[in-house]
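The values are calculated or read from the model by the stated rules, or taken from the named source; none is laboratory data. What you see is a predicted model; the values in this text were computed from it and never measured. Here the Cβ positions follow ideal geometry from the backbone for every residue, glycine too, while neighbour counts run over all protein chains shown.
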Amino acid sequence: MKLLIVSTAPIIYKDKQAFAYAPYVNELVILKKNAAQIDFCCPVWKQENGLLISQIPFEITHHFKLIDSNLKTLKNAIKSFFSVFYNLMILFKAMRKADHIHLRCPGNIGLLASVVQVFFPHKTKTAKYAGNWDPKSKQPWSYRLQKYILSNTFLTKNMQVLVYGEWKNQSKNIKPFFTATYREEEKIEIQKSELSESIKFIFTGSLVSGKNPMYALLLVNELLKKDFKVQFDLFGEGPERTSLENFIAENKLQQSVFLHGNQNKDVLKIAYQKSHFVILPSKSEGWPKTVAEGMFWGCVPVSTAVSCVPYMLDYGNRGIVLEMNLEKDLQAIEQILLNEKCFLAKSKLASEWSKDYTTDIFEAEIKKLLVK
């Protein structure tokens, strides 16, 4: 089977070797097990631009290269207008040659691809919608349009759309799905240190305003003011790093807050195991990987109620749902810090839930989708 992957996610070439965003590569390896050949239809970046990348460990037979564009300047907007027509032609060419079409949405390219796939009703297709599928959430028009096309079974034929979370009143081609990081054999019990010794918070992900790492830092700072023995480790890179560094310096938090930059999966795994809480005050998510990963290792999740997060946290039974009100959120965290039994109970529930979502199960589900 020739599998075509259409994505906004770029491929970066170094010394004739192909690289991509590391978590994405992990999924590509699983997809390759069920396809004789994988072709790509996506942009090329000349450098990683802060992405944590890893090498794609198989040969790319064909790479249908798309133009990556944005609308941040008038020049780019004009360029984007013309690149749309070029990208449409490339998408038609790539899809015509494929046996199975796999779309990665949302995004500008995801929107174009969702339109083009309509003209291939007899080809088997899947789409992974990695954004927020919540029908009530406020989203850009382009995202809403993609969701409409993908879920409209009159326009979209022979496709299963993988979405995060379970939502009411969905069309028959919408399939609740998940993303996994750890294997079945990694299921081990982690003994957390007592909260009276040290309380460790972890943040992993891009340091961007949408992920709101500054709000997490504000919460930690308030806990330190109340004499809680808190350590906060942040993993990732992004434009918010400078603001975080300035705040740490101004408030003399160098002994309590640490910026580690991008790190690999093994480093993060150890960090999760040593942490008590994983925190994500994000404005928008699909399947928040950091929350699921932290829960796997017994971290109590502290996250905003975006996308399927309330379901993941069992509406507060497995964690803390942030209200983005500093006083209220601080009070909710304090209640757990002062009650070790409550922390251990939530930690156990979080771990038990997340361990139902392993790469072994993920791989089995992917095989069902691709092998017909």
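The table below lists the values:
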quantity	calculated
Where a residue in the range 234-254 is on the phi < 0 side of the Ramachandran plot and not assigned by TED's automatic domain parsing to the domain that holds Ser209 and its partner, wherever it lies, is of a type in the set (Gly, Ala, Ser) and in a helix (DSSP H, G or I), with Cβ under 7 Å and at least six apart	none
Pick from the range 255-266, criterion under 15 Å from Glu237 (Cα atoms) and surrounded by fewer than 14 Cβ atoms within 10 Å (Cβ to Cβ), ranking: modelled with the highest pLDDT	Phe258
Among the candidates Glu189, Glu245, Glu222, residue that is part of a loop (DSSP other than H, G, I, E, B) and either within 28 Å of Gln139 (Cα to Cα) or out of contact with any strand residue (DSSP E or B) (no Cβ under 6 Å at 6 or more places or on another chain) (or both)	Glu189
Scan of the range 252-294 for residues that are small (Gly, Ala, Ser) and under 21 Å from Phe343 (Cβ atoms), ordered by number	Ser256, Ala271, Ser275, Ala292, Gly294
Strands (runs of 3 or more DSSP E) enclosed by the range 268-372 - at least 3 residues per element that are hydrophobic (A, V, I, L, M, F, W, C)	277-280, 320-322
Residues (in a loop (DSSP other than H, G, I, E, B) and under 20 Å from Ser282 (Cα atoms)) located in the range 114-152	Ala130, Gly131, Asn132, Trp133, Asp134, Pro135, Lys136, Ser137, Lys138, Gln139, Pro140
Residues located in the range 154-172, provided they are surrounded by 14 or more Cβ atoms within 10 Å (Cβ to Cβ), over 20 Å from Gly107 (Cα atoms) and at pLDDT 95 or above	Lys157, Asn158
Residue list for the range 113-135, restricted to those being in contact with a Phe, Trp or Tyr (Cβ under 8 Å, 6 or more places away or on another chain) and over 29 Å from Tyr311 (Cβ atoms)	Val116, Phe119
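Conditions (1) surrounded by 20 or more Cβ atoms within 10 Å (Cβ to Cβ); (2) modelled with pLDDT of 95 or more; (3) in the same structural domain as Lys168 (by TED's automatic domain parsing), marked per residue:
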| site | (1), (2), (3) |
| --- | --- |
| Ser284 | no, no, no |
| Lys289 | no, no, no |
| Met295 | yes, yes, no |
| Val300 | yes, yes, no |
| Asn325 | no, yes, no |
| Ser347 | yes, yes, no |
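The rows are residues; the columns are (1) modelled with pLDDT under 95; (2) farther than 18 Å from Phe40 by Cα.
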site	(1), (2)
Lys72	yes, yes
Ala77	yes, yes
Lys93	no, no
Pro106	yes, no
Leu111	yes, no
Asp134	yes, yes
Ile149	no, yes
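Quick grid of which residues meet (1) crowded, with 23+ Cβ neighbours inside 10 Å; (2) touching a residue at least 60 places away in the same chain (Cβ under 8 Å):
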| residue | (1), (2) |
| --- | --- |
| Val84 | no, no |
| Ile90 | no, no |
| Lys97 | no, yes |
| His100 | no, yes |
| Asn132 | yes, yes |
| Lys136 | no, no |
| Tyr148 | no, no |
